[in-house]
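As structure tokens, the structure follows; a few thoughts come after it.
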Amino acid sequence: MNDDWFDELTNGEPLLCSTIQMGIIEQLLKVSPISDNQKLEIMSDLDNYSDIEANRVIIMLQEDVVETDVRKQWKRMFN
């Protein structure tokens, strides 16, 4: 069996972000406290993100998300 199957599958390039990742990013942008300019920049580059870049953006947005659930806000404040 060929050991380079993954490179052949992706042509040696990273995979593009999935539609699931795009949806997660779009939802997180709605509750993220980052500036509107940063949101526009992320949205304009969203189609060009690789899988790895999309994961980084998701992690960054999840760190600063403004929780809409009062219980989660309470836990975040005191933990």
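Could you please let me know if Ile42 is under 29 Å from Lys72 (Cα atoms), at pLDDT 85 or above and under 12 Å from the mean Cα position of the chain (by Cα)?
yes
Among the candidates Asn55, Asn37, which residue alone is in a helix (DSSP H, G or I), loosely packed, with under 11 Cβ neighbours inside 10 Å, at pLDDT 90 or above and not small (Gly, Ala, Ser)?
Step by step, each of Asn55, Asn37 is checked, and only Asn37 is in a helix (DSSP H, G or I), loosely packed, with under 11 Cβ neighbours inside 10 Å, at pLDDT 90 or above and not small (Gly, Ala, Ser).
Write out, first by first residue and then by second, each pair whose Cβ atoms fall under 8 Å of each other, whose residues are 6+ apart or on separate chains, and whose first residue, in the stretch 33-55, is within 21 Å of Glu67 (Cβ to Cβ) while the second is hydroxyl-bearing (Ser, Thr, Tyr).
Going by the 8 Å Cβ cut-off, the qualifying pairs are Lys39/Ser32.
For the stretch 20-31, does any single residue satisfy the condition of being in contact with a strand residue (DSSP E or B) (Cβ under 8 Å, 6 or more places away or on another chain), in contact (Cβ under 8 Å) with a residue 12 or more places away in the chain and surrounded by 10 or more Cβ atoms within 10 Å (Cβ to Cβ)?
No, the conditions are met nowhere in the stretch 20-31.
Going through the stretch 1-28 one residue at a time, which ones are in a helix (DSSP H, G or I), modelled with pLDDT of 90 or more and under 16 Å from Ile52 (Cβ atoms)?
Scanning the stretch 1-28 gives Ile20, Gln21, Met22, Ile24, Ile25.
The values are calculated or read from the model by the stated rules, or taken from the named source; none is laboratory data. As the structure is a computational prediction, the values presented were derived from the model and not from experiment. Heads up, the Cβs are rebuilt from the backbone with ideal geometry, glycines too, and the neighbour counts pull from every protein chain shown.
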